[in-house]
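J.: Pasting in a structure now, in C-alpha cells, and then I'll have a few things to ask.
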Amino acid sequence: MLRSPTIRAPQLNQLLSEQKGRLRLFDAAYTLREPANHADFYRTNYGCFDELMAKGTHPDFVKERLPGAVHFNLDIASYPGVNVRAALYPPGLFKEYVRKLGVAKGDSVVVYGRGHSGGMLFAARAWWLLKMYGMEDVSVLEGGLETWKKEGGETTSGNDDKDDMVEWKKDFEEEQDENIQAFLEINRDGFEATAGVRILKPDWEASAFKMDRLVNYDDLMKGGLFERLDKVNMLDCRPADEFYGRKPLAFPPNGAKGARLPGSKCVPLTAVLSPSGELKSAEEIQQVLREAGYDAAKPTYTLCNGGTQAALLGLALEKAGVKWSLFNGSLREVSKRKPSLISATGEE
C-alpha cells in the first residue's frame, strides 16, 4: 500500500476513507529526556513491555490524536544502552512490542508526530526502528499532526488507544483459519469482523537487523574511518551553531575539546525542511547535499547528538533516493568512548 518513505495528509485521508487494506496509525508523541541508568533499567524493566505500557501514554497523545492511532513510545521500543542513548532490542523482543500495538502480518503503518521539525522528528526515529526490523510498508506523515489538521483531517482525544487495538472476538478451529480473511470487513480504526468471525491476531514478525541501515562506533573504529572521514559522507544534522561550536555541545563532553568530528559535513535539518514543515522535494534535498560536499560515490552516514535527529535526515535522504546508514550512538557515544575524536571547531 505504501511505496514511499513519507505520505502527505490528503493521500492518508484518502486511504483511510477508502478503507482499503489494513492500515495502522502510530502516534510518536515523545519528550526527549536523559535516558535511565542502563544497569537499573536492565535489571528491572528490560523487555517488560506490559509494565512499561501500563505507566500510561504521553499527554500529547491523550490531548489530541488521529482516530484509531496507538501510541508508539520510543522509550519502550528501545532501551538505554551503556554508551548509546537508545539501544536496539533483539528482534524477538521488539516484535512483541509491535504486536502489542495491534500489528499483524501484511499491515501497513503510518507514523506521525507533532511539534519538532514539522512533527517528524520522533516519527522518523520510530520509522527507522521499524525499518531496522524489516517492516517495509511504513511511512511518515509529512508535516505531522499540525499539517493533518490544516488539511482538514479529523482528530480525537482521550487515552483509549487500547480500545483501538486488535482484539479477539471468537475462537475458531485451526482448519477454519484460512477462511477468516474472506469474512473480514476492515475499517479505519482497525479490524471489524462479521458475526461469528474472529479478528486477525497481531502476528507481525520482525526480521534480523537490516544492517545496511545502521553503522556502529566499532565499525567506524575498526575501519579507521574516524580519522579518515574524507572516505565517507558523514552528515551531521545538528543545528549549524552546534556544528561550528558557536553553542556548547548538547551532551556531556567528557573532555571533548571540539564541536564535531573532523571531516564531517554540516547538513542541519532546517536545510531539508520546507517553510510549510514538510520535507523538501527530492530534487531540493539533492541540491542541499551537493552544497554540503556530498559525494554520491562514497558511503553515507547520518549522525547528531544521540541518533534521533539523524533518523529524520535519513528520512529526507530516503525521499531523495540516497542510500544511507544511521550512526545510532552518534556524538554522545563518541564522547563516552573516545572524546578526543570530537576535535574540530570554528569554520575550519
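J.: Give me the percent of DSSP beta bridges within the chain that run antiparallel, rounded to the nearest 5.
T.: Working: 9 of 31 bridges.
Counting only bridges with both partners in the chain, antiparallel ones make up about 30 percent.
J.: What does the charge add up to near Asp212, with Lys and Arg as +1, Asp and Glu as -1, over the other residues with Cβ less than 14 Å from its Cβ?
T.: Working: positive: Lys131, Lys210, Arg213, Lys323; negative: Glu136, Asp219, Glu318.
The answer is +1.
J.: Work through the residues other than Gly293 whose Cβ is under 11 Å from its Cβ and net out their charges, Lys, Arg +1 and Asp, Glu -1. Could you put the intermediate results ahead of the total?
T.: Details: positive: Lys265, Arg290, Lys298; negative: Asp230, Glu291, Asp295.
In short, 0.
J.: Pick from Ser325, Ser207, Ser264: which residue has the top mean-square fluctuation in a GNM of the chain where Cα pairs under 10 Å get a spring?
T.: With Cα springs under 10 Å in the chain, the top fluctuation among Ser325, Ser207, Ser264 is at Ser207.
J.: I've got another one for you. Under the rule of -39500 (n - 2.57) per DSSP H run of 4 or more residues, summed and divided by the residues of the chain, what mean residue ellipticity at 222 nm is obtained, to the nearest 500 deg cm²/dmol? Don't skip to the end; give the middle numbers.
T.: On the way: 16 runs with 111 residues, N = 348.
Calculated at 222 nm, the ellipticity per residue is -8000 deg cm²/dmol.
J.: Add +1 for every Lys or Arg and -1 for every Asp or Glu among the other residues with Cβ under 13 Å from the Cβ of Arg228, and state the total.
T.: On the way: positive: Lys222, Lys231, Lys298; negative: Glu227, Asp230.
Charge balance in the 13 Å sphere: +1.
J.: On to the next question. Given a Förster distance of 35 angstrom, what is the FRET efficiency for Tyr46 paired with Thr156, based on the Cβ-Cβ distance and rounded to 0.05? Intermediate values should be presented prior to the final figure.
T.: Working: r = 33 Å, r/R0 = 0.95.
It comes out at approximately 0.60.
J.: Which pairs break 18 Å Cα to Cα here: Lys149/Lys280; Lys231/Lys323; Lys247/Lys280? Spell out each step's value before the answer.
T.: Working: Lys149/Lys280 20 Å; Lys231/Lys323 16 Å; Lys247/Lys280 27 Å.
Check vs 18 Å cut-off fails for Lys149/Lys280; Lys247/Lys280.
J.: Would you list, by chain and number, the lysines whose Cα falls below 19 Å from the Cα of Lys95, excluding same-chain residues fewer than 8 positions away?
T.: Correct list for Lys95: Lys105, Lys131, Lys162, Lys201, Lys210.
J.: Also, quick follow-up: Which shape class applies to segment 204-348: rounded if a/c is under 1.5, otherwise prolate when a/b exceeds b/c and oblate if not, where a ≥ b ≥ c are the square roots of the Cα gyration tensor eigenvalues?
T.: Values: a/c = 1.55, a/b = 1.18, b/c = 1.32.
Oblate shape, in that a/c is at least 1.5 and b/c is the bigger or equal ratio.
J.: I would also like to ask the following. If I build a Gaussian network model for the chain, linking alpha-carbon pairs within less than 10 angstrom, which residue out of Ala123, Ala297, Ala310 has the largest mean-square fluctuation?
T.: With Cα springs under 10 Å in the chain, the top fluctuation among Ala123, Ala297, Ala310 is at Ala297.
Coordinate-derived values only; no laboratory data. Because the structure is a prediction, the values reported are computed rather than measured. Cβ coordinates were reconstructed from backbone atoms using ideal geometry, including for glycine residues, and neighbour counts include every protein chain displayed.
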